[in-house]
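Can you read through this structure? Questions will come right after.
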Amino acid sequence: MKTHTLAYSDIRFFSSLIKDYLAKSEGLKPFYSNGTAIDDFKNQIEIKQHFSKANRDVLVDNLQSQYKNIEISDLTRKHIESLSKPNTFTITTGHQLNLFTGPLYFLYKIVSAINLTKELKIAYPGYNFVPVYWMASEDHDFDEINYFNFKGKKIQWNRNAKGAVGELDTKGLNQVFDLFKNQLGLNDNAKTLEKLFKNAYLEHSNLADATRFIADFLFKDYGLVVLDANTKTLKQLFIPSIKQELEEQTSFVNVTETSRALSEINSDYKIQVNPREINLFYNTENLRERIVLEDNEYKVLNTNITFSKPEILKEIEESPESFSPNVILRPLYQEQILPNLCYIGGGGELAYWFQLKQNFEAFNTPFPILLLRNSVLLQSQIQANKIEKLEISPEQLFLKQNDLVEEKVKTISKINIDFTTQKNHLEKQFKDLYKIAKQTDVSFVGAVAAQEQKQTKGLERLEKRLLKAQKRKLKSEVERIIDLQNQLFPNQSLQERQANFSEFYLEYGETLIPSLIENLNPLDLNFTVLTI
């Protein structure tokens, strides 16, 4: 097992915002709280020290209820029970309820959370730290989660779906199971994957329970706690914030101001989310629609449901579970119901968290530490050997394919395809010609410039034609380079955003998760290439 790390600043797949955050840019510091060094967690523990006992009790009751029909590990049970104690804190990551976990980075998020709890326990032995996977059970965009990729093929669950995805029944997944089973093969790891899919989706009645089963299967040895926050008693803890959002439109004002300030720092910073006047959905069976305020009435879009102000305030008290936070308020809800120190997410997630700090302050809620999850490229020893034979550096692997091919063709060619020397010589010659033109007749300067442009372009055309000819001559080498990069970067994207864990479990079985746990460091803020 071998690891190689690369700086995110050298990888084209990550935004300037994330690169600046990792570089601790001064301009970004107002948009987050504590940093990500191990010492920074001491401050965060002190901030979160006042998390209420009542909230802890509600959290533990919910978790015990959600796990009552699951045979959980002793460590997970211990973690759940410890959450009632004032010296226990969570490290949280979240993910959509993608079919069979969706993209590979599902694993990396949870591994980052587990490993961080271990690091913190060493640094702060008087406290307990629990890794939590927050299921995005209230999302309603079914098309984002109804598939996963397996060996370049899309395994998809086709059905009509409305409302929160966590409550979706698992009807129709037997056909997906048959399709997936036929592509798995017959080895022992294939049988394990087949059994896992079957037990998760054909033995559980809804998507949230199925997803919890899978996460628990993969990570129960590490004490992972899986939370579905879409419950009445947890939402009761959020009632004051629900009312504040409805009555004052707090988030719209604060997130709009923060987003504007963020854009003013750097125009390249892409704003991830735009706040609504009200950032809540009305959520009932097979329904999750936005709440809007029109003509002094609260209306649920695309329905005939309306409330006066007294009516909606009464509804909040009686049925808080009917009010669902959107992407702006979900992080706030999370931090109000968990004794959480740190949120671990991908680059896109952290980008929208940077828009939220002022809003947290408006709701009098501590802002968590933000940590970029581990990002990983998994390669087999065979692939590593090919890379070495082709003399491709880890940095070159991440280049755009055309740039990679051109670099390698120039490197392995026996003739020099780089006309830089000739271009520099030409530029020097024309500098002399400009001097002569100015001394004789200024009107000739334009003619000299035109001739310079013509000859420079001519050299560039010759260089491109020569490179193209060499690509044809070195066709075999070029094809091997392209095939290798396509294996490691499906659809010219990061592997972790395209492939599903099952491809690698099929090959490495139960050693896959321990290998990730052992080789990934959550506080080493570099991209990891892992040969397994």
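Above 19 Å lies some portion of the pair distances; for region 187-303, what is it as a whole percent of all C-alpha pairs?
Result for the distance tail: 68 percent.
How many percent of DSSP beta bridges within the chain run antiparallel, rounded to 5?
So the antiparallel bridges amount to about 50 percent of the total.
Also, I was wondering about something else. How much accessible surface area, in Å² rounded to 10, belongs to the heavy atoms of GLU395 with a 1.4 Å probe?
Surface accessible to solvent at GLU395 totals approximately 90 Å².
Could you please state how large a percent of the accessible area of region 203-291 is carbon and sulfur, counting protein chains only and using a 1.4 Å probe?
Here it works out to 41 percent.
May I pose another question? So, with a 1.4 angstrom probe, what is the percent of accessible area on region 109-173 that is carbon and sulfur?
After summing per-atom areas, the C and S share lands at 45 percent.
Which one is right for this structure if mean projected area of the Cα convex hull in nm² is calculated from it: (1) 29.4; (2) 26.1; (3) 31.8?
(3)
Listed highest first by mean packing, meaning other Cβ atoms within 10 Å per residue, what order do 302-310, 146-154 come in?
In decreasing order of mean packing, 302-310, 146-154 become 146-154, 302-310.
According to a simple spin-label model (label point 7 Å from Cα along Cα-to-Cβ), what is the distance in nm between LYS309 and ASN266?
Each label point is offset 7 Å from its Cα along the Cβ direction, giving 4.3 nm.
If you don't mind, another one. Efficiency by 1/(1 + (r/R0)^6): what FRET value for ASP483 and LEU293, r their Cβ-Cβ distance, R0 = 51 Å, to the nearest 0.05?
It comes out at approximately 0.35.
Over region 197-313, average the accessible area per residue using a 1.4 Å probe and give it in Å², no decimals.
On a per-residue basis, 47 Å².
Could you tell me which of the pairs LYS109/LYS198; LYS19/LYS121; LYS198/LYS243; LYS162/LYS309; LYS78/LYS195 are separated by over 31 angstrom between their Cα atoms in the structure shown?
LYS198/LYS243
Here is a follow-up. What ratio of Cα Rg to 2.2 N^0.38 Å holds for region 61-150?
1.24
Taking the chain as the reference, fit the longest principal axis to its C-alpha atoms, fit the long axis of helix 188-197 to the helix C-alpha atoms, and give the angle between the two in degrees, 0 to 90, nearest 10.
Between the helix axis and the principal axis of the chain, the angle is about 50 degrees.
Do you know the relative contact order of region 266-404, to the nearest whole percent, from alpha carbon pairs under 8 angstrom that are 6+ apart?
18 percent
Between LYS154 and ALA54, what is the label-point separation in nm under the 7 Å Cα-to-beta-carbon projection?
Going by the 7 Å Cα→Cβ label model, 4.9 nm.
If R₀ is 30 angstrom, what is the calculated FRET efficiency for the pair LYS121 and LYS2, using the beta carbon separation as r and rounding to 0.05?
The formula returns an efficiency of 0.65 here.
Sort ASP295, ASP483 from largest to smallest accessible area, using a 1.4 Å probe on the heavy atoms of the protein chains.
The residues order as ASP295, ASP483, largest area first.
So, with a 1.4 angstrom probe, what is the percent of accessible area on region 469-532 that is carbon and sulfur?
Within region 469-532, the accessible surface is 43 percent carbon and sulfur.
OK, next. Taking all protein chains together and a probe of 1.4 Å, list ASP74, ASP228 from the most accessible to the least accessible.
Ranked from most to least accessible, the order is ASP74, ASP228.
Let me ask you something else. Can you work out the accessible area per residue across region 1-93, with the rest of the protein chains kept in place, probe 1.4 Å, in square angstrom?
52 Å²
Okay, next question. Counting each DSSP H run of 4 or more residues in the chain as -39500 (n - 2.57), what helix-only mean residue ellipticity at 222 nm follows after dividing by all residues, to the nearest 500 deg cm²/dmol?
The helix contribution divided over the chain gives -15000 deg cm²/dmol.
What figure, in Å² to the nearest 10, do you get for the accessible area of ILE271 with a 1.4 Å probe and non-protein molecules left out?
Its accessible surface works out to 50 Å², give or take rounding.
Stretch GLN455-GLU247 to full length: gain in nm at 0.36 nm per residue minus the Cα-Cα span?
Length gained, GLN455 through GLU247: 68.0 nm.
While we're on this one: Using the alpha-carbon atoms, what tilt in degrees (0 to 90, nearest 10) does helix 173-184 show relative to the longest principal axis of the chain?
Approximately 40 degrees, to the nearest 10.
Just by accessible area at a 1.4 angstrom probe, what is the order of SER319, SER476 from largest to smallest?
Output order, biggest surface exposure first: SER476, SER319.
Another question, then. For region 338-413, what is the relative contact order in percent, using Cα pairs closer than 8 Å and at least 6 residues apart in sequence?
Relative contact order for region 338-413 comes out at 29 percent.
By the gyration tensor of its Cα atoms, with a ≥ b ≥ c the square roots of the eigenvalues, what is the shape of region 1-105: rounded for a/c under 1.5, prolate for a/b over b/c, or oblate?
Verdict is oblate for region 1-105.
Follow-up. Quick one: how many Å² of ASP441 are accessible to a 1.4 Å probe, rounded to 10?
70 Å²
Loop only per DSSP, at most 12 neighbouring Cβ atoms within 10 Å: give me the GluC sites (Glu not before Pro) in region 1-100, ordered by residue number.
Sites meeting the loop and neighbour criteria: GLU71.
The values are calculated or read from the model by the stated rules, or taken from the named source; none is laboratory data. If you're wondering where the values come from, they're calculated on a predicted model, not measured in any experiment. Every residue, glycine among them, receives a Cβ derived from its backbone with ideal geometry; neighbour counts consider all protein chains shown. We work out accessible area using only protein heavy atoms, side chains counted, and drop any ligands, DNA or RNA first. Shrake-Rupley method; radii C 1.70, N 1.55, O 1.52, S 1.80 Å.
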